[in-house]
There are 2 protein chains.
Amino acid sequence: MKRLGILLSGRGSNFLAIARAIREQHLLGAKIAVVLSNVEDAPGLASARELGLPAFAIPSAGRKRADHDAEMLARLHQHKVDLICLAGYMRIITPEFVRAFPNRILNIHPSLLPAFPGLDAQRQALEYGAKVSGCTVHFVDQEVDHGIIILQKTVEVKEDDTVETLSARILEHEHVAYSEALARVLSGEYIVQGRRYVHRDAARPSRATAR
Amino acid sequence: MKRLGILLSGRGSNFLAIARAIREQHLLGAKIAVVLSNVEDAPGLASARELGLPAFAIPSAGRKRADHDAEMLARLHQHKVDLICLAGYMRIITPEFVRAFPNRILNIHPSLLPAFPGLDAQRQALEYGAKVSGCTVHFVDQEVDHGIIILQKTVEVKEDDTVETLSARILEHEHVAYSEALARVLSGEYIVQGRRYVHRDAARPSRATAR
C-alpha cells in the first residue's frame, strides 16, 4: 500500500477527486497519508479533516523557501509518504525537495504541455486561438511544468468558450486524469525511457542492444 | 470560385489530398489554379501535370530570397490566385510575400502548435514524451509556425510509436484537416477575433460593445 502526501493551496478539487477514487476503489494500492497546505485557511485542509485525514497547515508567508520546504519534508517523512501529489499547490518547490522524491512528485497542469506552461494556462490557450487544449499529469523536475509526462487528456476549445467555461471543462478531465496517472505509477509497470513514460511491455530495447 | 495556388517542395501529399477533395466534390467553391515548386524535380510537380494542372518549377537554389519570391508572386498573380496553400514547401517566405496575401496563405504543421514548432515536429513530440500530438492548419504570418490557427486535429502518441509510425498517422489526419480548414476559409463565415478564428455566429461582441 503506497502512502500519498497531498500538497494544496486552495480547494484541492483534484485532491478530492483522488480521495473519492480511493474510497470508491477505482484507485487501488494507495491511501492518503497526509494533506499539507502552505495556506492556513485553505478550504482543502478543512475538507481533508472532514474526511478524517491528517491535515496540517505549514504557512509559507514570510518564511525562507528552504526553511519552509524542510518543514514540509519533515512532515512528509514523518507520515512515511511514498508519493507526493501536488493539487493546486501554488508554490515552487526547491531543488532539494525535488531531489528528496525523484520522479515521485506528481503535478497536474491545465494544458497539453509543453504548450502553455505557467500561470493561466487556459487563458493562454484561448488567447493563442488553440482549437484543442487539455491537461497533463507529469512528474515534477527542477523546471516549471517540464517533468516527464505520465498522461495527457485532450479537451476541445469551443468557439464560444470563455476562460471560465474552458477551465471548467478541463477540470472535469483533470479529476479523471490524476487518478488514472496515479494508477499507472502505482502499477509499477511503467518505466522511463529518455523522457518517455511507457509500459514495460512497450519499451524498446536500450540503445546498446537496439539494432 | 476561389483560385488556389499550391506551393510544394516534395511529393505534395497534402496537395494531392486537396486535389482529390475538389475532384470528389468534398471541397466546393475552389479550384487549383497553379502548382509551384522551388525544387525542379519535385514529384508533386509531375503529379500536378498528370492531373492536367498548370505546374512550374521556380528553382530557389543559389538565388536571393527576394528575387525568388518576386518571381513566385508574379506567377501567382498571373494565375489570379486568391488563396495559397503551402504543402510541404520547405522554404521560408519573405515578409513581402506574406504581406501580398494577408491571412490568405495557409500552412499545415504536424504538431499541435504552439507545441513543437520547426523541423522534425513528430520527432520532437516523441522525444519530449508527449502523449498526444496532431496537426495544425494555420494562416502564415511573419513568424515561423505562428499564425492564426484555423483547425487542429489530435493524434494519440502510442507507447510503441516510432517517428515513422507517428508521422504516418499524423499525415492521415493532415490530409483530412487541410480540406476541412480550406472549407472554413472558403465559407466566408469565419472571422478573426484577436488570434481566435471563429464562426461569425459564435463571435462575441467587440470589446467596445461587450457588457
### Query
Among the residues of the range A:166-177, is any open to solvent by 30 Å² or more (accessible area, probe 1.4 Å), touching a strand residue (DSSP E or B) at 6+ places or on another chain (Cβ under 6 Å) and of a type outside the set (D, E, K, R)?
yes
### Message
Condition check: within 21 Å of A:Leu182 (Cα to Cα) and either charged (D, E, K, R) or surrounded by fewer than 18 Cβ atoms within 10 Å (Cβ to Cβ) (or both). Does A:Asp67 satisfy that?
### Response
no
### Task
Say whether the condition of being surrounded by fewer than 15 Cβ atoms within 10 Å (Cβ to Cβ) and within 14 Å of the chain's Cα centre (by Cα) is met by at least one residue in the range B:144-158.
yes
### Query
Just wondering, is there one or more residues in the range A:5-12 that are polar (S, T, N, Q), assigned to a helix (DSSP H, G or I) and under 26 Å from A:Ile170 (Cβ atoms)?
no
### Task
Tell me which of these B:Gln122 doesn't satisfy, since it passes every other one: (1) surrounded by fewer than 24 Cβ atoms within 10 Å (Cβ to Cβ); (2) more than 12 Å from chain A (Cβ to nearest Cβ); (3) out of contact with any Asp or Glu (no Cβ under 8 Å at 6 or more places or on another chain).
(1)
### Query
assigned to a helix (DSSP H, G or I) and on the phi < 0 side of the Ramachandran plot - does that describe any residue in the range B:100-120?
yes
### Query
Mind checking whether some residue in the range A:92-102 is touching a Lys or Arg at 6+ places or on another chain (Cβ under 9 Å), facing chain B (nearest Cβ under 9 Å) and touching a residue at least 12 places away in the same chain (Cβ under 8 Å)?
no
### Task
Please tell me if B:His79 is more than 27 Å from A:Arg195 (Cα to Cα), at pLDDT 95 or above, within 14 Å of the chain's Cα centre (by Cα) and surrounded by 15 or more Cβ atoms within 10 Å (Cβ to Cβ).
no
### Task
Evaluate the range B:135-154: report whether one residue or more is in contact with a Ser or Thr (Cβ under 8 Å, 6 or more places away or on another chain), assigned to a loop (DSSP other than H, G, I, E, B) and either aliphatic (A, V, I, L, M) or facing chain A (nearest Cβ under 9 Å) (or both).
no
### Summary
Of the residues in the range B:71-86, those that are assigned to a helix (DSSP H, G or I) and basic (Lys, Arg) number 1
### Query
Within the group A:Leu112, A:Leu182, which residue is buried (at least 24 other Cβ atoms within 10 Å of the Cβ) and more than 12 Å from chain B (Cβ to nearest Cβ)?
A:Leu182
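The values are calculated or read from the model by the stated rules, or taken from the named source; none is laboratory data. No experiment lies behind these values; they were computed from the predicted model shown. Glycine also receives a Cβ, built like all others from the backbone with ideal geometry; neighbour counts cover every protein chain displayed. Areas reflect the complete protein model, heavy atoms only, side chains present, ligands, DNA and RNA absent. Shrake-Rupley method; radii C 1.70, N 1.55, O 1.52, S 1.80 Å.
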